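Here's the structure, in C-alpha coordinates; my notes come after.
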Amino acid sequence: MRKQTDFTEKKILPYLTIDNLDMSLMKRVRNLAKSKDANHSWIELDDMGILRSAGLYERDFTTGQEGFNLAAVLLFGKDETIQSCLPAYRTDAIYREVNMDRYDDRDDVRTNLIDSYDRLTDFVCRHIDDKFFLDGTQRISVRSIISREIVSNILMHREYSNPYPAKIIIKKGGILTENANKTYHYGRILATTTPYPKNPVIAKFFNNIGRADELGSGVRNLYKYTKMYSDSEPILFEDDVFKVEIPLSDIGTADKPPINHQQALILDYIKENGSISNAEACGLLGLKPTRVKEILREMVEIGMLSAISERKNRRYVFQSKNMHDDK
(Lines give C-alpha, C1' and ligand atoms only; values in the text may rest on other atoms or scores of the structure.)
Protein backbone atom coordinates (compact mmCIF):
# COMPACT_ATOMS: atom_id res chain seq x y z
CA MET A 1 0.00 0.00 0.00
CA ARG A 2 2.85 2.40 0.85
CA LYS A 3 4.39 1.87 -2.60
CA GLN A 4 1.19 2.72 -4.45
CA THR A 5 1.12 6.16 -6.05
CA ASP A 6 -2.63 6.23 -6.71
CA PHE A 7 -5.43 7.04 -4.28
CA THR A 8 -7.98 4.49 -3.08
CA GLU A 9 -10.76 7.10 -3.21
CA LYS A 10 -10.36 7.35 -7.01
CA LYS A 11 -11.17 3.68 -7.65
CA ILE A 12 -14.02 3.63 -10.20
CA LEU A 13 -17.00 1.39 -9.49
CA PRO A 14 -18.44 0.76 -12.98
CA TYR A 15 -21.73 -0.77 -11.82
CA LEU A 16 -22.55 1.96 -9.31
CA THR A 17 -25.42 4.22 -10.45
CA ILE A 18 -26.90 7.46 -9.17
CA ASP A 19 -29.71 5.39 -7.62
CA ASN A 20 -27.16 4.06 -5.14
CA LEU A 21 -26.46 7.59 -3.90
CA ASP A 22 -28.47 9.72 -1.47
CA MET A 23 -29.14 12.74 -3.66
CA SER A 24 -31.24 14.41 -0.94
CA LEU A 25 -27.89 15.56 0.46
CA MET A 26 -27.45 17.90 -2.50
CA LYS A 27 -29.66 20.63 -1.03
CA ARG A 28 -27.47 20.80 2.06
CA VAL A 29 -24.29 20.73 -0.05
CA ARG A 30 -25.47 23.73 -2.09
CA ASN A 31 -26.37 25.63 1.10
CA LEU A 32 -22.98 24.88 2.67
CA ALA A 33 -21.16 25.94 -0.50
CA LYS A 34 -23.22 29.14 -0.62
CA SER A 35 -22.43 29.86 3.05
CA LYS A 36 -18.73 29.72 2.20
CA ASP A 37 -18.99 31.63 -1.08
CA ALA A 38 -22.17 33.44 -2.16
CA ASN A 39 -21.06 33.05 -5.79
CA HIS A 40 -19.96 29.43 -5.57
CA SER A 41 -20.24 27.65 -8.94
CA TRP A 42 -22.09 24.68 -7.40
CA ILE A 43 -25.15 26.81 -6.62
CA GLU A 44 -26.23 26.90 -10.27
CA LEU A 45 -25.04 23.42 -11.31
CA ASP A 46 -27.42 20.47 -11.47
CA ASP A 47 -26.73 17.41 -9.32
CA MET A 48 -24.69 15.60 -11.93
CA GLY A 49 -22.75 18.77 -12.65
CA ILE A 50 -21.70 19.00 -8.99
CA LEU A 51 -20.66 15.35 -8.93
CA ARG A 52 -18.50 15.86 -12.03
CA SER A 53 -17.08 19.17 -10.78
CA ALA A 54 -16.14 17.56 -7.45
CA GLY A 55 -14.32 14.71 -9.22
CA LEU A 56 -16.80 12.10 -8.00
CA TYR A 57 -17.73 10.98 -11.53
CA GLU A 58 -14.72 10.65 -13.79
CA ARG A 59 -12.90 8.74 -16.51
CA ASP A 60 -9.78 6.71 -15.79
CA PHE A 61 -7.54 7.44 -18.76
CA THR A 62 -5.31 4.43 -18.03
CA THR A 63 -8.14 1.87 -18.25
CA GLY A 64 -10.88 3.72 -20.13
CA GLN A 65 -13.36 3.11 -17.33
CA GLU A 66 -15.87 5.86 -16.57
CA GLY A 67 -18.21 6.15 -13.61
CA PHE A 68 -18.60 7.02 -9.96
CA ASN A 69 -15.58 6.48 -7.75
CA LEU A 70 -15.20 5.40 -4.13
CA ALA A 71 -15.12 9.04 -2.96
CA ALA A 72 -18.67 9.41 -4.34
CA VAL A 73 -19.77 6.41 -2.29
CA LEU A 74 -18.21 7.81 0.88
CA LEU A 75 -19.68 11.30 0.44
CA PHE A 76 -23.11 10.51 -1.01
CA GLY A 77 -23.64 6.75 -0.73
CA LYS A 78 -26.74 5.35 0.91
CA ASP A 79 -25.86 3.44 4.07
CA GLU A 80 -26.40 0.05 2.40
CA THR A 81 -24.24 1.12 -0.56
CA ILE A 82 -21.38 2.13 1.72
CA GLN A 83 -21.57 -1.11 3.69
CA SER A 84 -21.58 -3.13 0.46
CA CYS A 85 -18.49 -1.36 -0.91
CA LEU A 86 -16.66 -1.01 2.43
CA PRO A 87 -18.01 -3.63 4.89
CA ALA A 88 -15.55 -2.65 7.66
CA TYR A 89 -16.19 1.11 7.41
CA ARG A 90 -17.10 2.74 10.72
CA THR A 91 -16.09 5.55 13.06
CA ASP A 92 -16.47 4.70 16.74
CA ALA A 93 -17.03 7.72 19.03
CA ILE A 94 -16.63 6.87 22.73
CA TYR A 95 -16.93 8.97 25.88
CA ARG A 96 -15.45 7.63 29.13
CA GLU A 97 -15.69 9.55 32.38
CA VAL A 98 -17.20 7.23 35.01
CA ASN A 99 -17.19 3.81 33.37
CA MET A 100 -13.55 3.51 32.32
CA ASP A 101 -13.85 -0.17 31.37
CA ARG A 102 -16.57 0.42 28.78
CA TYR A 103 -18.11 3.84 28.08
CA ASP A 104 -20.63 6.40 29.32
CA ASP A 105 -21.76 7.39 25.82
CA ARG A 106 -21.11 6.03 22.35
CA ASP A 107 -22.00 6.64 18.71
CA ASP A 108 -21.20 3.98 16.11
CA VAL A 109 -21.14 6.01 12.88
CA ARG A 110 -21.44 4.11 9.57
CA THR A 111 -23.08 6.68 7.31
CA ASN A 112 -21.91 9.09 4.58
CA LEU A 113 -19.12 11.56 5.39
CA ILE A 114 -21.42 14.60 5.25
CA ASP A 115 -23.71 13.26 7.99
CA SER A 116 -20.76 11.65 9.79
CA TYR A 117 -19.13 15.07 10.17
CA ASP A 118 -22.26 16.46 11.87
CA ARG A 119 -22.70 13.49 14.20
CA LEU A 120 -19.05 13.36 15.25
CA THR A 121 -18.64 17.10 15.84
CA ASP A 122 -21.89 17.08 17.86
CA PHE A 123 -20.53 14.17 19.92
CA VAL A 124 -17.27 15.96 20.70
CA CYS A 125 -19.02 19.25 21.55
CA ARG A 126 -21.46 17.41 23.81
CA HIS A 127 -18.70 16.04 26.00
CA ILE A 128 -16.08 18.77 26.35
CA ASP A 129 -16.51 22.21 27.85
CA ASP A 130 -16.01 25.25 25.67
CA LYS A 131 -13.46 28.01 26.03
CA PHE A 132 -13.61 31.26 24.14
CA PHE A 133 -10.58 33.10 22.87
CA LEU A 134 -10.17 36.60 21.47
CA ASP A 135 -8.29 36.23 18.18
CA GLY A 136 -7.61 39.86 17.29
CA THR A 137 -11.08 41.40 17.64
CA GLN A 138 -13.00 38.19 16.92
CA ARG A 139 -14.35 36.02 19.72
CA ILE A 140 -14.01 32.38 18.70
CA SER A 141 -15.04 29.02 20.16
CA VAL A 142 -11.95 26.90 20.77
CA ARG A 143 -14.04 23.76 21.17
CA SER A 144 -15.62 24.24 17.75
CA ILE A 145 -12.21 24.62 16.13
CA ILE A 146 -10.70 21.56 17.84
CA SER A 147 -13.74 19.36 17.11
CA ARG A 148 -13.78 20.51 13.48
CA GLU A 149 -10.09 19.75 12.98
CA ILE A 150 -10.00 16.30 14.57
CA VAL A 151 -13.23 15.20 12.86
CA SER A 152 -12.29 16.53 9.42
CA ASN A 153 -8.85 14.90 9.79
CA ILE A 154 -10.24 11.48 10.68
CA LEU A 155 -12.72 11.61 7.77
CA MET A 156 -10.54 13.22 5.07
CA HIS A 157 -7.15 11.64 5.62
CA ARG A 158 -7.75 8.01 6.55
CA GLU A 159 -7.04 5.02 4.32
CA TYR A 160 -10.47 3.54 3.62
CA SER A 161 -9.19 0.32 2.07
CA ASN A 162 -7.79 -0.66 5.49
CA PRO A 163 -10.39 -2.34 7.77
CA TYR A 164 -8.93 -0.79 10.94
CA PRO A 165 -11.88 1.03 12.60
CA ALA A 166 -11.43 4.74 13.20
CA LYS A 167 -11.93 5.93 16.78
CA ILE A 168 -12.55 9.14 18.67
CA ILE A 169 -12.15 8.54 22.41
CA ILE A 170 -12.92 11.31 24.90
CA LYS A 171 -11.70 10.57 28.41
CA LYS A 172 -10.29 12.27 31.47
CA GLY A 173 -7.28 14.26 30.34
CA GLY A 174 -7.98 14.55 26.66
CA ILE A 175 -9.11 13.23 23.29
CA LEU A 176 -7.50 10.37 21.39
CA THR A 177 -8.19 9.62 17.72
CA GLU A 178 -6.94 6.71 15.64
CA ASN A 179 -7.38 5.88 11.98
CA ALA A 180 -5.80 3.70 9.32
CA ASN A 181 -3.15 5.55 7.39
CA LYS A 182 -1.14 5.40 4.18
CA THR A 183 2.23 6.41 5.58
CA TYR A 184 4.56 8.89 3.90
CA HIS A 185 6.95 9.19 6.80
CA TYR A 186 7.05 7.80 10.32
CA GLY A 187 7.13 9.85 13.47
CA ARG A 188 5.63 12.89 15.10
CA ILE A 189 3.91 15.54 12.97
CA LEU A 190 4.91 19.09 13.88
CA ALA A 191 3.25 22.37 12.93
CA THR A 192 6.07 22.87 10.42
CA THR A 193 5.92 19.36 8.90
CA THR A 194 5.28 19.31 5.15
CA PRO A 195 1.76 17.86 4.64
CA TYR A 196 0.87 15.20 2.07
CA PRO A 197 -2.64 14.69 0.66
CA LYS A 198 -4.22 11.35 1.58
CA ASN A 199 -7.62 11.70 -0.13
CA PRO A 200 -7.39 14.87 -2.26
CA VAL A 201 -10.86 14.47 -3.82
CA ILE A 202 -12.58 14.21 -0.43
CA ALA A 203 -10.39 16.98 1.00
CA LYS A 204 -11.27 19.30 -1.91
CA PHE A 205 -14.97 18.54 -1.43
CA PHE A 206 -14.76 19.39 2.29
CA ASN A 207 -12.97 22.61 1.38
CA ASN A 208 -15.76 23.55 -1.06
CA ILE A 209 -18.42 23.20 1.64
CA GLY A 210 -16.40 25.03 4.30
CA ARG A 211 -15.52 22.06 6.47
CA ALA A 212 -11.77 22.22 5.87
CA ASP A 213 -9.18 24.76 4.83
CA GLU A 214 -5.95 24.40 2.89
CA LEU A 215 -3.76 21.36 3.46
CA GLY A 216 -1.77 21.65 6.70
CA SER A 217 -3.99 24.26 8.35
CA GLY A 218 -5.59 21.65 10.63
CA VAL A 219 -2.28 20.73 12.23
CA ARG A 220 -1.40 24.39 12.77
CA ASN A 221 -4.81 25.07 14.34
CA LEU A 222 -4.48 22.12 16.72
CA TYR A 223 -1.08 23.34 17.90
CA LYS A 224 -2.40 26.88 18.31
CA TYR A 225 -5.72 26.28 20.06
CA THR A 226 -4.91 23.25 22.22
CA LYS A 227 -2.94 25.68 24.37
CA MET A 228 -6.27 27.24 25.40
CA TYR A 229 -7.05 23.99 27.27
CA SER A 230 -3.65 22.77 28.33
CA ASP A 231 -0.01 23.79 28.68
CA SER A 232 0.91 20.65 26.71
CA GLU A 233 1.08 20.44 22.95
CA PRO A 234 -1.00 17.99 20.93
CA ILE A 235 0.73 14.83 19.74
CA LEU A 236 0.17 13.80 16.13
CA PHE A 237 2.02 10.60 15.25
CA GLU A 238 2.12 9.13 11.76
CA ASP A 239 2.40 5.37 11.41
CA ASP A 240 0.26 2.69 9.81
CA VAL A 241 -2.26 3.88 12.39
CA PHE A 242 -2.35 7.69 12.57
CA LYS A 243 -2.85 8.88 16.16
CA VAL A 244 -3.78 12.28 17.54
CA GLU A 245 -3.77 13.10 21.27
CA ILE A 246 -5.30 16.39 22.40
CA PRO A 247 -4.65 17.15 26.11
CA LEU A 248 -7.65 18.89 27.68
CA SER A 249 -8.07 19.92 31.28
CA ASP A 250 -11.81 20.67 31.29
CA ILE A 251 -13.84 17.69 30.08
CA GLY A 252 -17.41 16.92 31.03
CA THR A 253 -20.86 18.39 31.01
CA ALA A 254 -22.00 17.78 34.56
CA ASP A 255 -23.13 21.37 35.10
CA LYS A 256 -25.13 21.75 31.89
CA PRO A 257 -27.65 19.64 30.00
CA PRO A 258 -26.27 17.83 26.93
CA ILE A 259 -27.03 19.32 23.52
CA ASN A 260 -28.45 16.83 21.05
CA HIS A 261 -28.23 16.98 17.26
CA GLN A 262 -31.62 18.68 16.76
CA GLN A 263 -30.87 21.34 19.37
CA ALA A 264 -27.43 21.94 17.82
CA LEU A 265 -29.01 22.54 14.39
CA ILE A 266 -31.45 25.06 15.89
CA LEU A 267 -28.69 26.86 17.80
CA ASP A 268 -26.52 27.05 14.68
CA TYR A 269 -29.47 28.43 12.67
CA ILE A 270 -30.09 31.16 15.26
CA LYS A 271 -26.39 31.98 15.32
CA GLU A 272 -26.54 32.62 11.56
CA ASN A 273 -29.98 34.26 11.34
CA GLY A 274 -30.65 35.82 14.75
CA SER A 275 -33.87 33.92 15.48
CA ILE A 276 -36.01 31.01 14.32
CA SER A 277 -39.76 30.43 13.90
CA ASN A 278 -41.73 27.18 14.23
CA ALA A 279 -42.08 26.96 10.46
CA GLU A 280 -38.35 27.51 9.90
CA ALA A 281 -37.52 24.88 12.52
CA CYS A 282 -39.85 22.41 10.78
CA GLY A 283 -38.01 22.91 7.49
CA LEU A 284 -34.64 22.69 9.20
CA LEU A 285 -35.33 19.48 11.13
CA GLY A 286 -37.75 17.83 8.71
CA LEU A 287 -40.18 17.02 11.54
CA LYS A 288 -43.90 17.56 12.12
CA PRO A 289 -44.96 20.89 13.69
CA THR A 290 -46.16 19.23 16.90
CA ARG A 291 -42.79 17.60 17.50
CA VAL A 292 -40.90 20.81 16.65
CA LYS A 293 -43.03 22.77 19.14
CA GLU A 294 -42.07 20.23 21.83
CA ILE A 295 -38.36 20.60 21.02
CA LEU A 296 -38.52 24.41 21.12
CA ARG A 297 -40.53 24.39 24.35
CA GLU A 298 -37.96 22.08 25.98
CA MET A 299 -35.14 24.40 24.88
CA VAL A 300 -36.95 27.33 26.50
CA GLU A 301 -37.56 25.39 29.72
CA ILE A 302 -33.91 24.40 30.15
CA GLY A 303 -32.67 27.91 29.40
CA MET A 304 -31.29 27.57 25.90
CA LEU A 305 -33.79 29.90 24.22
CA SER A 306 -36.30 32.65 24.88
CA ALA A 307 -39.63 32.96 23.04
CA ILE A 308 -40.53 36.43 21.75
CA SER A 309 -43.54 37.99 19.94
CA GLU A 310 -47.13 36.84 19.89
CA ARG A 311 -48.11 33.19 19.59
CA LYS A 312 -48.99 33.52 15.88
CA ASN A 313 -45.65 35.09 14.94
CA ARG A 314 -43.55 33.66 17.74
CA ARG A 315 -39.82 33.49 17.23
CA TYR A 316 -37.06 32.05 19.36
CA VAL A 317 -33.73 33.70 20.25
CA PHE A 318 -30.81 33.05 22.59
CA GLN A 319 -31.34 34.03 26.18
CA SER A 320 -29.17 36.93 27.33
CA LYS A 321 -27.20 34.43 29.41
CA ASN A 322 -27.66 31.39 27.24
CA MET A 323 -26.57 27.92 26.43
CA HIS A 324 -25.05 28.99 23.11
CA ASP A 325 -22.03 30.36 24.93
CA ASP A 326 -21.50 26.84 26.27
CA LYS A 327 -22.29 25.02 23.03
Any idea which of Ala71, Ala54 is touching a Phe, Trp or Tyr at 6+ places or on another chain (Cβ under 7 Å) and at pLDDT 95 or above?
Ala54
Name the single residue, out of those in the stretch 42-71 being surrounded by fewer than 16 Cβ atoms within 10 Å (Cβ to Cβ) and among the aliphatic types (A, V, I, L, M), that is farthest from the chain's Cα centre (by Cα).
Met48
Please give the number of the condition Arg311 fails out of (1) at pLDDT 85 or above; (2) of a type in the set (Lys, Arg); (3) not assigned by TED's automatic domain parsing to the domain that holds Ile128.
(1)
In the stretch 282-310, which residues are touching a Phe, Trp or Tyr at 6+ places or on another chain (Cβ under 8 Å) and assigned to a helix (DSSP H, G or I)?
Leu284, Leu296, Met299, Val300
What are the pairs with Cβ atoms under 9 angstrom where one residue, in the stretch 279-291, is assigned by TED's automatic domain parsing to the domain that holds Asp268 and the other, located anywhere, is in a helix (DSSP H, G or I) and hydroxyl-bearing (Ser, Thr, Tyr)? Sequence gap at least six, or different chains.
Glu280/Tyr269; Ala281/Tyr269; Leu284/Tyr269
Go through the stretch 125-235 and tell me which helices (runs of 4 or more DSSP H), entirely inside it, have 1 or more residues that are more than 30 Å from Ala72 (Cα to Cα) and of a type in the set (Val, Ile, Thr).
142-156
In the stretch 10-22, the residues that are more than 19 Å from the chain's Cα centre (by Cα) and part of a loop (DSSP other than H, G, I, E, B):
Lys11, Leu13, Pro14, Tyr15, Leu16, Thr17
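Right, Ser217: over 20 Å from the mean Cα position of the chain (by Cα), at pLDDT below 90 and not aliphatic (A, V, I, L, M) or not? Reasoning before the result, please.
On the way: over 20 Å from the mean Cα position of the chain (by Cα): no; at pLDDT below 90: yes; not aliphatic (A, V, I, L, M): yes.
It is false that Ser217 is over 20 Å from the mean Cα position of the chain (by Cα), at pLDDT below 90 and not aliphatic (A, V, I, L, M).
The values are calculated or read from the model by the stated rules, or taken from the named source; none is laboratory data. As the structure is a computational prediction, the values presented were derived from the model and not from experiment. So basically every Cβ, Gly included, is an ideal-geometry build from the backbone, and we count neighbours across all protein chains shown.
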